[in-house]
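What follows is calculated from the coordinates using simple rules that are stated; it is not laboratory data. As the structure is a prediction and not an experimental result, all values here were calculated from the model. FYI the Cβ positions are ideal-geometry reconstructions off the backbone, even for glycines, and counts take in every protein chain you see.
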Amino acid sequence: MKIKINVDLKIGRLVRNFVLIDLALFAGWGFLGPILPVFVIRNVAGATLTTVGIAAAIYLIVKSILQLPIANYIDRNHRNEGYHNDFFILVLGLLLASFAAFSYTLVKEVWQLYLVEMLHGIAFSLYTPSWSGIFSRHLDKDRISFDWSLDSTSVGLSAGITGLIGGIVAENFGFYPVFIMASAFSMIAVLVLVTSPDIVFPKSTTAPLVIKEQHDLIK
């Protein structure tokens, strides 16, 4: 019995670029995955395991609460203003994510940690709906599952690899280089985004918003 596996990796330019943006961002934060709780316990005055749990809760609660009104704002204003709102909210989210990652280098007290986690939550509450909105509207026709799976696979592999690297770097060189690398990767995501506005802003059209074919954009 023969089993043939044929995977067509041709995707639209916007889908490709947005996969790269997601990959860079989550690769950067992947550096922090295994080492952040250890950093908190060792370097933050008075921190306990409860502190780590509260910090994680602050991030998730802030992100979860804020991203719904932000998503609603994007959807409400998209038809009149195109992708400009989405684009600038996305840039802002990535810049804040980069700043939040770097801010861990300044954390010495528990309240400072909580403040950074709030910033972390705000950054991803801006990033998630704006990235998802643009990405969803440009999925390749008849390849919707593949596009989403490609992004998920890229994010998972990159975060896994950088998680391993982050642990090795922290053990040999300390925590601060890891935070700087995480911040740098978020900035790489910004650069990928701002250097390709021509594929984010489509030409004006009177057609209804639907998932668009990207065959003319495939390289």
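With the radius of gyration and the Kirkwood radius both derived from the Cα set of the range 19-195, what is their ratio Rg to Rh?
Dividing the radius of gyration by the Kirkwood radius yields 1.00.
Quick one: His120, His84, fewest Cβ neighbours within 10 Å first, how do they rank?
His84, His120
Among Trp111, Trp29, which comes first, second and so on when ranked by fewest other beta-carbon atoms within 10 Å?
Listing Trp111, Trp29 from fewest to most nearby Cβ atoms yields Trp111, Trp29.
With a cut-off of 8 Å between alpha carbons and a minimum separation of six or more residues, what is the relative contact order of the range 53-164 in percent?
37
So what J values fall out for the range 150-167 if you push phi through Karplus, 6.51 cos²θ - 1.76 cosθ + 1.60 with θ = phi - 60°, rounded to Hz, Gly and Pro as x?
Per-residue couplings from phi come out as 4, 5, 4, 5, 4, 5, x, 5, 5, 5, x, 5, 6, x, 4, 4, x, x Hz.
Which residue, Thr51, Ile122, Leu90, has the largest displacement toward the positive end of the dipole of the range 43-139 when charges sit on each Cβ (Lys, Arg +1; Asp, Glu -1)?
Leu90
With +1 on each Lys and Arg Cβ and -1 on each Asp and Glu Cβ, and nothing else charged, work out how big the dipole of the range 19-195 is about its Cα centre, in Debye to the nearest 20.
About 180 debye.
Arrange Tyr114, Tyr104, Tyr59 by Cβ neighbour counts within 10 Å, fewest through most, would you?
In order of increasing Cβ crowding within 10 Å: Tyr114, Tyr59, Tyr104.
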